[in-house]
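The values are calculated or read from the model by the stated rules, or taken from the named source; none is laboratory data. Note that the structure is predicted; figures quoted are calculated from it, not measured. Quick reminder, even Gly has a Cβ in these numbers, built from the backbone with ideal geometry, and neighbours come from all protein chains shown. Keep in mind that these areas ignore ligands, DNA and RNA; they rest on the heavy atoms of the full protein, side chains included. Shrake-Rupley method; radii C 1.70, N 1.55, O 1.52, S 1.80 Å.
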Amino acid sequence: MKKNRVSLIKCLIIACLAFFVSVQADAQLRFALKGGYDVSSNQINKDILNASNRLGFQVGGTMELMAPILGLGGELSVLYGHQQYDVKVGDSGYDLSNYDYLRVPLNLKKKFSLIGLLGVFVQAGPYVEFKINGGDFKDIDHQYKSKSFGTGLNAGAGVELLNHLELGMYYRKALTDNYGDDTPDFGDIWKKKPDSWSVDLTYFF
């Protein structure tokens, strides 16, 4: 199973890179700043960014390469993130520390122009993730280190305003375990990062 997941990620990365190369001749290259929050609920309403709904944040840089007539292209980002867990079981002494990471998503992207300076976009692709600090699980007697590298898939959609500002919602699905096989079975939260949603704002220069 793990070999199949690794092979899938490799194939997706190669496909995305090949697409980048194929559109390069007539493409427009732009750079941007991206930032946003992980959220516990994906319901789009006025409460989505309430403090109680936030699980963490990510911020970093983005490069977009698009073929202007077709509206097809790709996006590569490098994001620093902080994931809040706050999982503690008082009397048992279990504790899961917060997690800092560097995530690199590589997405295929499609844009649709609506009216004037308003449009929508969809994108999807693989990501790789590198642990910076935290994410370790410990009980009274033992400590279990989270893995330093992970992979997964992400997809998102949103709106583009004034050809410079994108507001989107994104879904991430982890494909690799967060802990080793020797970790006790305390449920899925110890074995994998939970699937997550985020709301991000991107400004293109």
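Roughly how many nanometres apart are two label points built 7 Å out from the Cα toward the Cβ at ALA155 and TYR171?
Modelled inter-label distance: 0.6 nm.
Report ³J(HN,Hα) in whole Hz for each residue of region 118-134, in order, from the Karplus equation J = 6.51 cos²θ - 1.76 cosθ + 1.60 where θ = phi - 60°; Gly and Pro get x.
Per-residue couplings from phi come out as 10, x, 10, 9, 9, 7, 6, x, x, 9, 10, 9, 10, 6, 9, 6, x Hz.
For ASN133 and VAL104, calculate 0.36 nm times their separation in residues minus their Cα-Cα distance, and state this gained length in nm to one decimal.
Difference between extended and current length: 8.8 nm.
How much accessible surface does VAL159 have with a 1.4 Å probe, in Å² rounded to 10?
Here the residue's solvent-accessible area equals roughly 50 Å².
What order, most packed first, do the peptides 61-69, 104-112 have when packing is the mean number of other Cβ atoms within 10 Å of each residue?
104-112, 61-69
Distance in nm between label sites at ILE13 and HIS164, each 7 Å beyond Cα in the beta-carbon direction?
Taking the simple label geometry, ILE13 and HIS164 are separated by 3.5 nm.
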